[in-house]
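Trainee: Input: one structure, supplied below.
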Amino acid sequence: FEGAAYIPFQSADFAGQLAALPKDRPVLVYCASGGRSARAMQALNAAGHPEVYNLVGGIGAWRSSGKPVVHTEPVAIP
């Protein structure tokens, strides 16, 4: 998605990267099929992020429904 930050779930510093996300705006998480992003959503909720959304079914379901996918370079986390 345009303007997305990329934080790999298997990253050694996953928790540290999540901590760098601002808590004053919504966060959408997604992965290929929805499993890893569901766990990432739980981690964000546990870290105090009040508004987190998971793309159910992942990007695969998004594509299958005919919705557009924009490919851009990930942005830096402020």
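The values are calculated or read from the model by the stated rules, or taken from the named source; none is laboratory data. Remember, predicted model here, so these are calculated numbers, not experimental data. Using ideal geometry, Cβ is built from the backbone for each residue, glycine included, and neighbour counts are taken over all protein chains shown. Surface areas here come from the heavy atoms of the whole protein model, side chains and all, with no ligands, DNA or RNA. Shrake-Rupley method; radii C 1.70, N 1.55, O 1.52, S 1.80 Å.
Trainee: In the stretch 16-63, which residues are assigned to a helix (DSSP H, G or I), among the hydrophobic types (A, V, I, L, M, F, W, C) and modelled with pLDDT under 90?
Mentor: Residues satisfying the conditions are Leu18, Ala19.
Trainee: Could you run through the stretch 53-78 and say how many residues are surrounded by 13 or more Cβ atoms within 10 Å (Cβ to Cβ), within 17 Å of Pro8 (Cβ to Cβ) and hydrophobic (A, V, I, L, M, F, W, C)?
Mentor: Matching residues across the stretch 53-78 total 3.
Trainee: So, one more: Between a first residue in the stretch 4-20 that is open to solvent by 80 Å² or more (accessible area, probe 1.4 Å) and a second residue that is of a type outside the set (A, V, I, L, M) and outside any helix (DSSP H, G or I), which pairs have beta carbons less than 6 Å apart while being 6 or more apart in sequence or on different chains?
Mentor: From residues that are open to solvent by 80 Å² or more (accessible area, probe 1.4 Å), the pairs are Tyr6/Pro74.
Trainee: Another one. Within the set of pairs 6 or more residues apart or between chains, which connect a residue that is of a type in the set (Val, Ile, Thr) inside the stretch 66-78 to a residue that is not in a loop (DSSP other than H, G, I, E, B) with Cβ atoms less than 9 Å apart?
Mentor: Val69/Ile59; Val69/Trp62; Val69/Arg63; Ile77/Gln17
Trainee: If you don't mind, there's one more thing I want to ask. Please state which of the following conditions Gly66 fails to meet, knowing it meets all the rest: (1) at pLDDT below 95; (2) assigned to a loop (DSSP other than H, G, I, E, B).
Mentor: (1)
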